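One structure below.
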Amino acid sequence: MHQFFIGVFISGILMAMSSASVQSTAIRGSVVCGRERFGRVRLELWDKDRTDPDDLMMKPVHISYGDTFTLDGKENEISTIDPELRIFHKCGDERARCYKKSIILIPDEYVTKGERPKKIFMAGRIDLRNIKSVDTKEC
């Protein structure tokens, strides 16, 4: 009986994995920190998961304030991905020991089935002084 339940469990996992599909998204914008002219940020595109660890969708990118960026990434999921741009920065306190993290959510209509996004979410000019940031332990 024990082997039966293990078999059913493994079958369920394999079925779920086989029904997963590749999905992608893209975002374009620029990052500023009020009127500060110098500073750098790290941009990461993530799939926010509810039941397992979040998935990094592309290699992190470093840019300077004012630079325009275009990022795209993909992830294999059963349900629709929940993409978000995570911005790590020191806006407002460049001498801070640790980074702050700001998050931009990417709406579902910018998620494409397949490896190449069909639409780009235009985030515009993201001013880090005007959006919520949380302190991190990334120092």
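The values are calculated or read from the model by the stated rules, or taken from the named source; none is laboratory data. Owing to the predicted nature of the structure, the values given are computational and were not obtained by experimental measurement. Don't worry about glycine lacking a Cβ; one is built from the backbone with ideal geometry, like all the others, and counts go over all protein chains shown.
In table form, for the structure just shown:
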item	result
Residue in segment 30-41 that is among the acidic types (Asp, Glu) and modelled with pLDDT of 95 or more present	no
Conditions (1) surrounded by fewer than 17 Cβ atoms within 10 Å (Cβ to Cβ); (2) not in a loop (DSSP other than H, G, I, E, B); (3) not hydroxyl-bearing (Ser, Thr, Tyr); number of the one not met by Lys119	(2)
Residue list for segment 77-95, filter: closer than 17 Å to Glu109 by Cα, in a strand (DSSP E or B) and out of contact with any Ser or Thr (no Cβ under 6 Å at 6 or more places or on another chain)	Glu77, Glu84, Leu85
Residue that is touching a Lys or Arg at 6+ places or on another chain (Cβ under 7 Å) and surrounded by 14 or more Cβ atoms within 10 Å (Cβ to Cβ), where the choices are Lys101, Lys74	Lys101
Members of segment 28-54 that are surrounded by fewer than 17 Cβ atoms within 10 Å (Cβ to Cβ) and either touching a His at 6+ places or on another chain (Cβ under 8 Å) or under 19 Å from Tyr110 (Cα atoms) (or both)	Arg28, Ser30, Arg40, Arg42, Lys48, Asp49, Asp54
Qualifying positions in segment 25-59 - β-branched (Val, Ile, Thr), in contact (Cβ under 8 Å) with a residue 12 or more places away in the chain and out of contact with any Gly (no Cβ under 7 Å at 6 or more places or on another chain)	Ile27, Val31, Val41
